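S.K.: Starting off with a structure, shown below.
Rule-based calculations on the coordinates, nothing more; no lab input. Because the structure is predicted, anything quoted here is derived from the model rather than measured. Methodologically, a virtual Cβ is constructed for each residue, glycine included, from the backbone with ideal geometry; neighbour enumeration extends over all protein chains shown.
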Amino acid sequence: MGAFQGNLTYKLFYVQGELPEDWKTLYLTSIRKLEFVPLTADAEDEETVGWVNIERPLQTDFHLDNVVFNDFINLGFRKDRWTIPSDLLKAHLEEAEAEYMIQNEKKHLSRFERDDLKKRVKKLLKERSIPKMKVIDMSWELEQKRVRFWSQSSTVCELFQEFFEETFDLKLLPANPYIHGLQFDLDEDELQSLATVEPSNFMAGVPGIDY
Amino acid sequence: MDLLDLINSQRFLGPEFLMWLWFKCDCFDGLLDVEGHGKVEVVFDDAMTLEAYMAETERSDLKGGAPAFSPEAKTALRHGKRVSKAKMRIVKEGREWSFTLKAENLDIASAKIPAVLSRDDDERFYERMYLLEELEEILENLYEEFLHIRLASRWGELVLPAMHKWIGMDDLATPEHYPVF
């Protein structure tokens, strides 16, 4: 949430490169290719990411009307993850191991048997639960070459950056003091200095404090 | 140096920008000329965090009242701490934005924009983005002004000495404390 309503905490990215001529068709195809696909209990993936409709996070039916808003491309970045509490997994695994040893008249389990049991228990628990869902708005202002992403978590931002670059084949630069500086009208000397300038000493000449 | 190294090594410019902005706001009572926007009121609001440079565990969180005018904030500066986060307000032509500016990446958080009038979802979105853009532009123009000063010799010759004096002062600053270029 964020682009249409609610909290305005976001990370700004600058887009590098130009839009291809037939960007609408191309991007719609790329978005559909990387649309969100729900996790299943059978799959080994613990986490998955993909694009969803910005206003309807359960929908992946993309068309120009719900992706392109005048000069903006708006999408939801959905990340689902299985979160099975470790204590619950441990308890179920212990039960399953005990039962397996009785059934097979065994006193010890091999590593292979343990891993196999763990997989089966995890699958059973996954079938009884639903993954944790997180949907983060993304709004790309095409002419300004700016992307606003409604999260400031560095892990999520890195994941998003990689996913955006994979989808649109354009590079993203996260805003920070150095990258902001590169967007301005700085001359050659200033650009050189931007890369080499060192921190100021704000303490020099400041009188000491009397306690 | 590759881009990632440059990004990391030059992050100190964020806290230095906030320090300079605080100094300038103190000198001009928050009323600043912003390129392309005319007179804009920039206020350091009721929350500010100062951290020791290179020792982020030493932190002063000042909340309530007007921390930018408090003796505690000046003491923290005298101990070598720098602003890492500040809650701010910007007022332009009667419209007000409030937000937290995080110095390290110059990220905007918890922004409140002037009232959005549109009722239609899409129109509301365009209005919200327009208002965010306006805020970003004001902040970026201030940061650009800072960089033009910071990357020139006048920083070391005029601005930094004036800031040293300001950090050592207990009284409020006046326009005369801001160097003339």
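S.K.: Using just the Cα positions, wrap chain B in a convex hull and report its mean projected area in square nanometres, one decimal place. Numbers along the way, then the final one.
M.R.: Numbers: hull surface 48.6 nm².
The directionally averaged projection comes out at 12.1 nm².
S.K.: Would you order B:Y130, B:Y178, A:Y10 from fewest to most other beta-carbon atoms within 10 Å of each residue's own beta-carbon?
M.R.: On the way: B:Y130 11, B:Y178 18, A:Y10 24.
Ranked by crowding around the Cβ, least crowded first: B:Y130, B:Y178, A:Y10.
S.K.: Fewest first, what order do A:V121, A:V156 take by the number of other Cβ atoms within 10 Å?
M.R.: Details: A:V121 21, A:V156 18.
The most exposed by this proxy come first: A:V156, A:V121.
S.K.: Nearest 0.05, what FRET efficiency do B:K165 and A:E47 give at R0 = 56 Å with Cβ-Cβ as r?
M.R.: Values: r = 54 Å, r/R0 = 0.96.
Approximately 0.55, to the nearest 0.05.
S.K.: Taking each full run of DSSP H in chain A as one helix, which ones are at least 27 Å long along their axis (Cα atoms) and have mean Kyte-Doolittle hydropathy of at least 1.6? Kindly include the intermediate steps, with their values, before the conclusion.
M.R.: Numbers: long enough: none.
Taking the DSSP H segments of chain A (at least 27 Å long, mean hydropathy at least 1.6), we get none.
S.K.: Additional query: Label-point separation (nm) for B:F69 and B:E176, each offset 7 Å from Cα along Cα-to-Cβ?
M.R.: About 2.0 nm separates the two model spin labels.
S.K.: From the mean inverse distance of alpha carbon pairs (Kirkwood) and the Cα radius of gyration, derive Rg over Rh for region A:1-108. Intermediate values should be presented prior to the final figure.
M.R.: Working: Rg = 21.9 Å, Rh = 17.9 Å.
That ratio equals 1.22.
S.K.: What percent do you get for the relative contact order of region A:2-108 when only Cα pairs under 8 Å and 6+ apart count?
M.R.: 19 percent
S.K.: May I pose another question? Determine which lysines satisfy two conditions relative to A:K79: a Cα distance under 19 Å, and not lying fewer than 8 residues away in the same chain.
M.R.: A:K79 reaches A:K11, A:K33, A:K126, A:K132, A:K134.
S.K.: Give the order of B:S84, A:S86, B:S118 when sorted by the count of other beta carbons within 10 angstrom, beginning with the fewest.
M.R.: Values: B:S84 21, A:S86 8, B:S118 12.
Ranking B:S84, A:S86, B:S118 by Cβ neighbours within 10 Å, fewest first, gives A:S86, B:S118, B:S84.
S.K.: Moving to a separate point now. For A:R120 and A:Q103 in one chain, what is 0.36 nm times their gap in residues minus the Cα-Cα distance, to one decimal in nm? Intermediate values should be presented prior to the final figure.
M.R.: Working: separation 17, 0.36 × 17 = 6.12 nm, distance 1.62 nm.
Going from the current span to full extension adds 4.5 nm.
S.K.: OK, next. What share of Cα pairs, in percent, lie more than 15 angstrom apart in region B:75-135? Write out the running numbers ahead of the final one.
M.R.: Details: 1097 of 1830 pairs.
In whole percent, the long-distance tail amounts to 60.
S.K.: Using only the alpha carbons of chain A, what is the convex hull's orientation-averaged projected area in square nanometres? Walk me through the numbers on the way to the answer.
M.R.: Values: hull surface 88.8 nm².
Averaged projected hull area, Cα only: 22.2 nm².
S.K.: Which whole-Hz ³J(HN,Hα) couplings does region B:90-106 yield from phi under the Karplus relation 6.51 cos²θ - 1.76 cosθ + 1.60, θ = phi - 60°, glycine and proline marked x?
M.R.: 10, 10, 9, 6, x, 9, 10, 10, 10, 6, 10, 9, 9, 5, 4, 10, 6
S.K.: Further question: Could you give the length gained by full extension between A:L58 and A:E127, i.e. 0.36 nm per residue of separation minus their alpha carbon distance, to one decimal place?
M.R.: On the way: separation 69, 0.36 × 69 = 24.84 nm, distance 1.94 nm.
Contour length minus Cα-Cα distance gives 22.9 nm.
S.K.: Using the beta-carbon distance between B:S110 and A:L26 and R0 = 30 Å, what value does 1/(1 + (r/R0)^6) give for FRET efficiency, to the nearest 0.05? Intermediate values should be presented prior to the final figure.
M.R.: Working: r = 36 Å, r/R0 = 1.21.
The pair B:S110/A:L26 has a calculated efficiency of 0.25.
S.K.: Separate question: For region B:77-177, which trypsin sites (Lys or Arg not before Pro) are both in a DSSP coil and crowded by at most 14 other Cβ atoms within 10 Å?
M.R.: Numbers: sites: B:R78, B:K81, B:R82, B:K85, B:K87, B:R89, B:K92, B:R95, B:K102, B:K112, B:R119, B:R124, B:R128, B:R150, B:R154, B:K165; in loops: B:R119.
Passing sites in region B:77-177 are B:R119.
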